[in-house]
Amino acid sequence: MRRKKTPQETFYQGVNTLPPSFLQSNTKRTLSESFSEESFNKRNRVEGPVKDLEECFFTSMRGRVEELVKQTKTQDKTSELKNKLLNVKILPAAIITNAAQLAKCDRKVMRSHMEHRPGLKNVEEWKKFVSQNFDKIAEAAVGSVVKDTAKVYSSSTPTNKQPYEEMRTCTVQINSLFRSDLLPIVKTFVCTRLQDSMVTSTDYTLCFSALVNMMISELKTSEFFFDNNDIKIKKVPGFNLAKLLPFVTTNEPKQTIQPMDKDLIASKRFETDSKCLFTSQHLQVVYSYFFGARGAKEENLNAHPVQNSLFCSFKESGLDKQSFYLEKASSSAMSMALEMYLVNFENMWDGKKIINKLLDKVILVLLRHHLARNRESKRISTTTTRNPPGKKDIRNHARYVCRAEDKKLKKLVQRKEKASGLEGEKWATKINSAKQRLANLRHTFKKNISQMLNDRKEASVEHKLVVQDLNITEEQQDFLEEEGTLDDDVPERRLNQLKSVIKHLVFSNDTPVYLEDIKHQSPEATTTEQSVCLLICNTLMKFLPPKKQYHVIAYQMYFCIFANDVLKYARYTKFTRALCPSTSFSSLSALHLDSIALYQLLTQNIDQEKSEEPSSHTNQQEKKGYSRMILYGYNRDELIGSQDKARQNKDATFNAVFDIGEIQKACKSYGLSFAHRMTCLPGMKTVRLLGSKIKTHGTVKEETKQSYEARILRNPSIIQEGRKTKDVLFSELQSLTEEVKMLESVRKRELDLLKDSNFQRKIKECKSNWGTTDDKDQLYQTIEKYKESRYKSYLMVNKIRNELAEKRQQLYFRQMAIRFKSKLHNVKDVPHDSRSPIEKCGKGVTKAEDRTVVNPGDFNYAGTDNGLVNMTTSIPMSLQRMKFHLKLFNYYTALSKVSNEDSIGLNLSKEEESFLHLPSVTNTKASDVDVGCGYFRQRKYLERRKKYTDEGKKVQLIENSLREMESAPVTSIDMAIGNFRAKYDQRRSLRDFYNSPKIINQKRHVEIQQHRYRHHLCRRERLELKHSENKSSSKKPLILFIGDRGTDSGSRIKGFRKYGGKWKQKIHGEAVNVCIINECKTSQTCIFCFSPLTNPRIPGKKEGSYKVNKGTFLCINPRCITAKNRCASKPRDALSALAIGLVGLSSVMFGAAPPPFYNVSRINAEHYTKITSDFCTRRDDLAATL
């Protein structure tokens, strides 16, 4: 929930009229001076008449009651609210604050006056006011609500809600933001305060994160129970995972968290407090208990018995407040760190992403282990018998180096033979030195290779011992074979269907699932599938939270702990998810500053005598006694002396140290408006300024993603199927299931036939006999016959795949219609969304099917494909090329209906013949971003420093020991405390290494350079795309079509480094129109003859083996125009990018993509030819006119 914006009293007017701040000496008052009568009267002195303050107090109470009454909807809730307000023990929140704002005075002044005035106490005054005025206020509020409701329903236009502002950050060097008239002493004081607060807040975050992890470990090994109506916690063995996965043998622990007792959840007292676990209220109580100056109040702990039981368990394990001692722990630094940790924790669990992802993975893994044991056993054996990790093989490197040196030696010998006299002696000297160098290299490589092979032998012996322990035993393998289920593995597609069935049964039932429920949801399921689904459903329902409490983090935590343990036990560790924000002992956390945090840091007194070890950043002036700053407001006589004043004068608070004009100028250069929040990065070199994005003309906002159920209920096909009766749907479902099974068997038979025919090998053999045979015409006919047979086999397979996809989609529509039958009954037909035209000055990122082009000749076009080796591949697309491909589509559509190819002619002009070759592409590699942003330089510097310096070697040993410590499972709180203390003691050594001046400067360079380089990269790409296809039309605006796949960051495939994400399309969207395209079949269909593509095969080293060239696409259609012109092979990424551009341009021009690029045919070829014929004719008339 967003905070209400505080009205500002003063603003920056463009001229810096604020006087410079100064430092105040650390003078301490005596006890008599602190409590003298003069100081007491001064503290409680009130300016202005007392009557005005009391009137503002009563006005604030009335406003608070009206606000609470408006939130109630029924008469019963209104009466409950009155009783609740009459039974409060303290004055409700926000009354004093609102009264102070009305009186235009400080909050402390208002509170001091109301607490020390004669008469009733504030709480008694509140109760008296509620008893006398509540009924009148309620009647007036209900009448106003009725009138407002009538106005809303009578008006034809709906009320417009104010949308949230889009927030962005920009990076600036901190030295450029300091005020020019700031004294060096003050500047050093500010930097020292910020650096010390950054270190303290990082230490606090480490301690607090360790506490949250310990609470999760405690829940894993314990269970709540009632003891004489008191809630307590006790140690329990845990749920045995071997019952759920009896076929798995691993070294991971078999015990996991026990499911929460249903009787406990039914208890209102337990449910009320357990919902608060891992919320901001619970984490703030943890902060008070372990880090607060006074600790948590006893009343607060007694009011939360579940949380109190956890604290008691910690105390029994020896974990108390003294376990986390922080040096120089200022309250402002700890409060900022706590706020950021709470924000990160809430964002992490927002939207139920973690539990939903883990639920999908757990169901899929359990289904694989029960219904596809052959595949799982092969996967486990492959991962365990893989070669052990060791040093990189240097034999190829040694061979290449020695070969290069040998070539140099041969060149020197040739030059000596040509030379004579003194020139020959010079070359002889060079030859001798080259021979000596080659001999030394061979000796060094020989020594290193022998050492490497010895190390590998030792590692392989140890690895074999590990493999023997992890492999499935012979007895279990015999048991699996006796079961008779290892012979037929269920396909992965069927497992995904069963996963959908299990999820629906788990969420739609509050009671245990029975076989009849599974048969009702999946009539085609076999007996084995039904029993496995029954086991998984009933097990998951023990841990999953009820539907009403599914959003509660505490209940989600129970299932997520269980899911992580299941995935580790099943050897799917890569699917596990972190349950709390991760922290690093080697790096410093960024320091987040708003107006209040900056005020607290600069004006808070720090007693230097309490710190055992003075900070290395503390300067001489602070040691002499400077401890706080005095901040002025824009009114010269007014000081900023409280948090409320800092909140009401944000510009003045920041302007006390920083130049607010430079801040606004820096934000404006990025198109932002300063939002009074900055983040200081480690090293105090750079800061990130937070700002709201300034809206510009023509910017299109990206639509929010709908939920799965909402998309189902808006699908016209599912709505149409939902009008049928259940009996009809079940009969159609059964018949479609049989057809799908039949088509799957036919597809498998055709694929086996294609594999056995091996046309590629036969064609290669015929070509190898070309030079030895005399009858070349006969051999040519044989080759063409093999190519024709290969193409027909591919067409048959492709036809069966299309039919299978169409039947599966119809099957899916029937299944969803049965599942959402009750909700589809009231859904009306969804109207088709109107497409908005693309403006020449427009910009933004939208979907292509939602946009249209009125005048296609006013734009340039390009397509972009996201890849793996090449991060993006972009290629220009022109209207002439679009017309050429439409002509080819019409030709091959007509040719598919005629057996004789000569009956239909295809005449190409010289311009059209040039379109057979792809235009020049613009590639963006991950290595370009890696080097351009400075990541490569920083990474290599760290690697060299760890490898060759004594400090780096020491840090590497520390990290190896910590990594081994993390790999061991935590079984108790004592073990968790020991691990934390071992890591915490090494934090200084790690920070000194990773935050050295050289590394800090590199981080500053990366932070500033990455924004600059990425924008430069995108701008250069747009310019190349404009100028490459047609230089005369370079001034036209660009429309960029980008595929919707492959935008992830990082890669598990062959270790490719990816800097993916959606940052490129967002940067392009700031300058041009970007349309997102569905990539369906863009990398599987030839854009010339619209036939299926394949990858060419290269003969391997062994006889009969071959390698697939995945970087190239080959069209095997003998009728294809590219095959006839001997250019059938095309680059993979470039062809896919051009197909994306073709589909995108067709979508915005005609409202539909070509039929071959749909997963299931939504439009036939005749209709597509009809809607594109006008464009083709118009282009012909235009060419004739020109």
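For the reader, a short list of remarks on this structure follows.
- For segment 169-203, taking the residues that are of a type outside the set (A, V, I, L, M, F, W, C) and surrounded by fewer than 17 Cβ atoms within 10 Å (Cβ to Cβ), the one that is nearest to Cys680 (Cα to Cα) is identified as Gln173.
- Single residue of Glu1021, Glu1029 found to be at pLDDT below 90 and crowded, with 18+ Cβ neighbours inside 10 Å: Glu1029
- Scanning segment 77-96 for residues that are of a type outside the set (D, E, K, R) and without any contact (Cβ under 8 Å) to a residue 12 or more places away in the chain yields Ser79, Asn83, Asn87, Ala93.
- Single match in Arg801, Arg819, Arg814, Arg808 (criterion: basic (Lys, Arg), surrounded by 14 or more Cβ atoms within 10 Å (Cβ to Cβ) and in contact with a Leu (Cβ under 6 Å, 6 or more places away or on another chain)): Arg814
- Any pair with Cβ under 6 angstrom, 6 or more apart, that starts in segment 204-220 at a residue that is within 14 Å of Ala554 (Cα to Cα) and ends at one that is crowded, with 22+ Cβ neighbours inside 10 Å: Lys220/Ile257
- Taking the criterion of being touching a residue at least 60 places away in the same chain (Cβ under 8 Å) and among the polar types (S, T, N, Q), the residues of segment 632-658 that qualify are Asn635, Ser642, Gln648, Asn649, Asn655.
- Of all residues making up segment 521-538, the number that are more than 37 Å from the chain's Cα centre (by Cα) and assigned to a helix (DSSP H, G or I): 2
- Filtering Gln815, Gln760, Gln781 for residues that are modelled with pLDDT under 80, of a type outside the set (Gly, Ala, Ser) and part of a helix (DSSP H, G or I) leaves a single hit, Gln760.
- Looking across segment 930-960 at every residue that is surrounded by 12 or more Cβ atoms within 10 Å (Cβ to Cβ) and of a type in the set (Ser, Thr, Tyr), the one that is farthest from Ile561 (Cα to Cα) is identified as Thr949.
- Enumeration of residues in segment 856-884 that are touching a Pro at 6+ places or on another chain (Cβ under 7 Å) and hydrophobic (A, V, I, L, M, F, W, C): Phe859, Ala862, Ile875, Leu879
- Filter result (touching a residue at least 60 places away in the same chain (Cβ under 8 Å) and part of a helix (DSSP H, G or I)) within segment 272-292: Ser274, Ser280, Leu283, Val286, Tyr287, Phe290, Phe291
- Screening segment 62-119 for helices (runs of 4 or more DSSP H) wholly inside it with 2 or more residues that are out of contact with any helix residue (DSSP H, G or I) (no Cβ under 9 Å at 6 or more places or on another chain) and surrounded by fewer than 19 Cβ atoms within 10 Å (Cβ to Cβ) returns the ranges 75-86.
- Flag if Glu492 is of a type in the set (D, E, K, R), over 35 Å from the mean Cα position of the chain (by Cα) and modelled with pLDDT under 90: no
- Complete set of residues in segment 620-676 that are among the β-branched types (Val, Ile, Thr) and at pLDDT below 85: Ile630, Ile640
- Among the residues here, Lys762 does not qualify as closer than 21 Å to Arg1119 by Cβ and surrounded by fewer than 16 Cβ atoms within 10 Å (Cβ to Cβ).
- Among the residues of segment 293-312, those identified as in contact (Cβ under 8 Å) with a residue 60 or more places away in the chain and over 36 Å from the mean Cα position of the chain (by Cα) are Pro305, Cys312.
- Members of segment 664-682 that are touching a residue at least 24 places away in the same chain (Cβ under 8 Å) and buried (at least 19 other Cβ atoms within 10 Å of the Cβ): Ala666, Cys667, Leu672, His676, Arg677, Met678, Cys680, Leu681, Pro682
- So Val797, is it in contact (Cβ under 8 Å) with a residue 12 or more places away in the chain, of a type in the set (Val, Ile, Thr) and more than 30 Å from Lys762 (Cα to Cα): no
- From Glu750, Glu709, Glu744, residue being surrounded by fewer than 16 Cβ atoms within 10 Å (Cβ to Cβ) and either among the β-branched types (Val, Ile, Thr) or touching a residue at least 24 places away in the same chain (Cβ under 8 Å) (or both): Glu709
- Close pairs (7 angstrom Cβ cut-off, 6 or more residues apart or separate chains): within 20 Å of Lys127 (Cα to Cα) and outside the structural domain of Thr97 (by TED's automatic domain parsing) in segment 64-76, in a helix (DSSP H, G or I) and modelled with pLDDT of 60 or more anywhere: none
- Single residue of segment 224-263 satisfying the filter (in contact with an Asp or Glu (Cβ under 9 Å, 6 or more places away or on another chain), assigned to a strand (DSSP E or B) and closer than 20 Å to His369 by Cβ) that is modelled with the lowest pLDDT: Gln255
- Where Ile1067 falls short, out of the listed (1) crowded, with 17+ Cβ neighbours inside 10 Å; (2) of a type in the set (A, V, I, L, M, F, W, C); (3) in contact with a Pro (Cβ under 9 Å, 6 or more places away or on another chain): (3)
The values are calculated or read from the model by the stated rules, or taken from the named source; none is laboratory data. Please read all numbers here as calculations on a predicted model, not as lab measurements. Note: ideal-geometry Cβ built from the backbone for every residue, glycine included; neighbour counts use all protein chains shown.
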